[in-house]
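Quick notes on the structure that follows.
The values are calculated or read from the model by the stated rules, or taken from the named source; none is laboratory data. Fair warning: this is a prediction, and the values are worked out from it, not measured in the lab. Cβ coordinates were reconstructed from backbone atoms using ideal geometry, including for glycine residues, and neighbour counts include every protein chain displayed. Side chains included, ligands, DNA and RNA excluded: accessible areas come from the protein's heavy atoms. Shrake-Rupley method; radii C 1.70, N 1.55, O 1.52, S 1.80 Å.
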Amino acid sequence: MKIRYKLFFSFSLYILLAVILAFFSYNELRTINTRLTSVELVDDISNIILEVRRYEKNFLLFRNEESFKEIRAYLTTLKKNIDGIKIEIVKEIGTNEYTLMKNTITEYEHHINNLANNLRSREKLTTEVEEMGILLEQNLHGKDLDSFLTLRKHEKNIMLSKDQTTYETFQSFNPLNLQGNSRIETYRGLVSKLFENYKTEKDLTDKIRSTAREMETITKNLSKKEREYIDVTLKKSGKLLLFGLLTIIILGIVINMKLSRNIAHPIKRLEGITKKIAKGDFSEMMEVKGTDEIASLEMSFNQMEKQLLDTKISLEHAIEKLSEKQAQLVETAKLATLGTFAAGVAHEINNPLAIINEKAGLMKDILEMSEDFKHKDRFLNMIDAIFKSVKRCRTITHRILGFSRKTEVSIETFDLNDMMREIAGFFEKEMLYKSIHLDLNLKENLPKVKSDKGQLQQVFLNIIKNAIDAVHDGGSIAVTTDNKDENMINVAIRDNGHGIPEKALQYIFEPFFTTKEKGKGTGLGLSITYGIIKNLGGDIHVESEVNKGTTFIVEVPVNSELTKGEIV
Amino acid sequence: MSTKVLIVDDEIEFASTLAERLVIRDYDAKAVYTAEDAITAVQSEPPDVVLLDLRMPGANGFEVLSTIKSVDPSIEVILLTGQLKSESVVEGIPTGLFDYIVKPVDIAELVKKINSASEKRNSGTP
């Protein structure tokens, strides 16, 4: 998979995780929010209950209708509110508790109503007792009235203290004179009813208080449970958040590590190989893995390395060739310097040598004209020895002078065939003397050569002289010219002489190498020849077989690379 | 009558000794050591054969050669050369050189060449 896709997917994964986390957190927050609303409602309920209880106290204290009405109004609101959060309450404290709460409220309401009714009936009873008492007080006289007034005093005590003992005292006070009076019996019955009413009121008050407390307990319980739930939810969402964040962080680290390893590892390897390449070590290549951008980078890198290696090899090849050429140039320059130097020395030696030769000659002439004397023959022999040595010196100086080159190149245009004829003419007498047969196979219509004629003459003079020296009397030499192509003319000089041993062939262009017998060759001719022809942009090859002959092939460029006046 | 030979070379010892050796061999040989003397000698007493060194200090051997040829084109000139230098040989041939001989000189070879030159001059002159 491509790296950009990997990056895209890992980034998408982070976002997805973050969205999921945010979604859950939002959900939790919403739950908490709902719960908070419930808590508010529960608080409202508690408040209403408190109000109810406040008016309940008033009502119990003052028994007034206003307080009762307030209680009823608050109870209505309370019931409405409870119905409003029925689902939450049921969820929190269960259906039974909810029913219990509802029932408690209904019961409370019922008791309150009963108490109100009880109070209303008490007022009526009190009035009836009072009216009956007054009526009886007006109708009774004497002892009866006294007894009745005592009874009324007990009645007042009941009204005041409302306790059982007072009531029992009232009941037990029944003098004979008041017995049998139906009105008094009615009065007594009314007082009993009133006391019953008191008793009911007390009973109801107790019940009201107990149900009210129960209501409060249930509400408190509900409120507590709601808060606990919120607490739990908060803790839960905190944990969720922590877990989600940890997951994102750990996943992020793992994915980033994997991705960075995928990217960094190949880069590190690239760095290593690049350093090796910089040191010239091309042995290692990148291992191509997968199909992503790194893989294509690795492939491109390998291609680059290959091309670099190719370039390096061709460069090394070029440098090698260049050094070879340079070595040749140095060699040529050395030979040229050596040639010039040797020519100077040879020229200086040649003149005194000529004088020695002439003086010795004159000595010999005089000796030959003289009469015999002691040691005459010895003198003649010694003069011959001088001649021999002069001849040896002459051979050396001639060789050096003859083949040393001019330091200045002079370019002219000429016909190579004409030049070969001139050179042949130069050796004509020598070849005639040695009975050597010369064949000139010169191809007609060769292009004119533009080169240093003098130097080229030296080349061919030297090769032909070597050929003459190589062949026995009666041997043959063939000179052939031919154009190799439009830029190069081949001149082949073939002799049927003694040939050159294979081992010597590789050294024949080296300076001071000679196969001629001692004193006959200087070993400079062919090395100078080689230097000249290379210098003029041509080449020279040799093929030889011992006792069969030698062929020198000289490639002469139609246009020499050198310009007039160049120092070589 | 013996053949008249003029030797022109700035090496006095060489030229004089060679002249003496040629005299021993019955040639009317004479040596001069400068180009001026050579020209004077040619004009006053024209020789049959001249042995000429082209390289002399302060003189152009070719001038001597052309003077010789202007006095008498039939005077044969043999070049005395210190080296087997193709240039001199090739340049000399068209200007009327008979032959050349390389120093140090082999007297037998020189005698042969002088005789050939003399023969040519005698046969060429009616």
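So here's what we get for this one:
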{"read-out": "Order of exposure, largest accessible area first, which applies to A:Ser67, B:Ser44 with probe 1.4 Å", "value": "B:Ser44, A:Ser67"}
{"read-out": "Where labels lie 7 Å past Cα in the beta-carbon direction, separation of A:Asp482 and A:Glu216 in nm", "value": "14.0"}
{"read-out": "Positive-end residue, the protein assembly as shown charge dipole about Cα centroid, Cβ charges, pick of A:Leu178, B:Ser74, A:Ala116", "value": "A:Leu178"}
{"read-out": "Portion, in percent, of the accessible area of the range A:73-218 that falls on carbon or sulfur, probe 1.4 Å", "value": "52"}
{"read-out": "Cα-projected label distance for A:Thr551 with A:Thr95, points at 7 Å along beta-carbon direction, nm", "value": "12.7"}
{"read-out": "3J(HN,Hα) from dihedral phi, the range A:286-297, Karplus parametrisation 6.51/-1.76/1.60, rounded to Hz, x for glycine, proline", "value": "6, 8, 8, 10, x, 10, 7, 4, 4, 4, 5, 5"}
{"read-out": "Å² of accessible area per residue within the range A:264-354, as computed with a 1.4 Å probe and no ligands counted", "value": "68"}
{"read-out": "Qualifying GluC sites (Glu not before Pro) for the range A:252-343 [loop in DSSP, other Cβ within 10 Å: at most 11]", "value": "A:Glu287"}
{"read-out": "Dipole axis of chain A (+1 Lys, Arg; -1 Asp, Glu on Cβ), positive-most option in A:Leu140, A:Leu234, A:Tyr433", "value": "A:Leu140"}
{"read-out": "Where the range A:94-146 is the region considered: accessible area per residue in Å², 1.4 Å probe", "value": "56"}
{"read-out": "Estimated inter-spin distance, A:Phe373 and A:Glu185, nm [label 7 Å along Cα→Cβ]", "value": "22.8"}
{"read-out": "Enclosed volume per residue, in Å³, of the convex hull spanned by Cα atoms of the range A:410-567", "value": "111"}
{"read-out": "Accessible area in square angstrom per residue, the range A:410-567, 1.4 angstrom probe", "value": "50"}
{"read-out": "FRET E, pair A:Lys86, A:Val232, Förster distance 22 Å, beta-carbon r, rounded to 0.05", "value": "0.50"}
{"read-out": "Computed [θ] at 222 nm, deg cm²/dmol, chain A (DSSP H ≥ 4; -39,500 (n - 2.57); rounded to nearest 500)", "value": "-27000 deg cm²/dmol"}
{"read-out": "Using alpha-carbon coordinates, inclination of helix A:453-470 to the longest axis of chain A, degrees", "value": "70"}
{"read-out": "Summed side-chain charge close to A:Tyr5 - residues other than A:Tyr5 whose Cβ falls under 15 Å, Lys, Arg +1, Asp, Glu -1", "value": "+2"}
{"read-out": "Residues along the range B:21-53 losing 30 Å² or more of accessible surface when the other protein chains are present rather than the chain by itself (probe 1.4 Å)", "value": "B:Arg21, B:Ile24"}
{"read-out": "B versus A: buried accessible surface, summed, Å² (probe 1.4 Å, to nearest 100)", "value": "2300"}
{"read-out": "Which listed pairs, of A:Lys69/A:Lys199; B:Lys69/B:Lys112; A:Lys325/A:Lys450; A:Lys388/A:Lys534, have C-alpha distances above 27 Å, in listed order", "value": "A:Lys388/A:Lys534"}
{"read-out": "Sequence-separation-based contact order of chain A, relative, with Cα cut under 8 Å and 6+ spacing, percent", "value": "12"}
{"read-out": "The range A:63-113: trypsin sites (Lys or Arg not before Pro) in DSSP loop, at most 16 other beta carbons within 10 Å", "value": "none"}
{"read-out": "Positive-pole candidate from A:Ala360, A:Gly244, A:Gln458, dipole of the protein assembly as shown, charges at beta carbon", "value": "A:Gly244"}
{"read-out": "Stretch gain in nm, segment A:Phe414-A:Leu61, where the contour uses 0.36 nm per residue and the Cα spacing is subtracted", "value": "111.3 nm"}
{"read-out": "Assigned charges on the beta-carbon of Lys, Arg, Asp, Glu; the protein assembly as shown dipole about Cα centre (debye)", "value": "4600"}
{"read-out": "Carbon/sulfur fraction of accessible area - the range A:410-567, other protein chains in place, 1.4 Å, %", "value": "47"}
{"read-out": "Principal-axis tilt of helix A:416-433 within chain A, Cα atoms, nearest 10 degrees", "value": "40"}
{"read-out": "Given charges at beta-carbon only (K, R positive; D, E negative), |dipole| of the range A:309-405 in Debye", "value": "80"}
{"read-out": "Proximal aspartates and glutamates to A:Lys202, defined as alpha-carbon separation beneath 19 angstrom and excluding residues fewer than eight positions away on the same chain", "value": "A:Glu56, A:Glu65, A:Glu107, A:Glu109, A:Glu123, A:Glu155, A:Asp163, A:Glu168, A:Glu214"}
{"read-out": "Rounded FRET efficiency, nearest 0.05, which uses the C-beta distance separating A:Gln171 from A:Asp203 and R0 of 30 Å", "value": "0.90"}
{"read-out": "In Hz, Karplus ³J(HN,Hα) per residue of the range A:346-353 (6.51, -1.76, 1.60; θ = phi - 60°; x = Gly, Pro)", "value": "4, 5, 5, 6, 4, 5, x, 4"}
{"read-out": "A:Asp439/A:Asp469 FRET efficiency (R0 25 Å; Cβ-Cβ; nearest 0.05)", "value": "0.90"}
{"read-out": "In Å, descending, principal axis extents of the Cα set of the protein assembly as shown", "value": "240, 55, 49"}
{"read-out": "The range A:309-405 - percent of accessible surface contributed by carbon and sulfur, probe 1.4 Å", "value": "64"}
{"read-out": "Charge dipole (debye, nearest 20) of the range A:1-84; +1 at Cβ of Lys and Arg, -1 at Cβ of Asp and Glu", "value": "600"}
{"read-out": "Computed lengthening from A:Lys224 to A:Lys334, 0.36 nm per intervening residue step minus Cα-Cα distance", "value": "28.0 nm"}
{"read-out": "Delta accessible area of at least 30 Å² on complex formation, residues of the range A:356-373, 1.4 Å probe, chain isolated as reference", "value": "A:Asn357, A:Glu358, A:Lys359, A:Leu362, A:Asp365, A:Met369"}
{"read-out": "Sparse-neighbourhood loop sites, GluC sites (Glu not before Pro) in the range A:427-507 - DSSP loop, at most 15 other Cβ within 10 angstrom", "value": "A:Glu444, A:Glu486"}
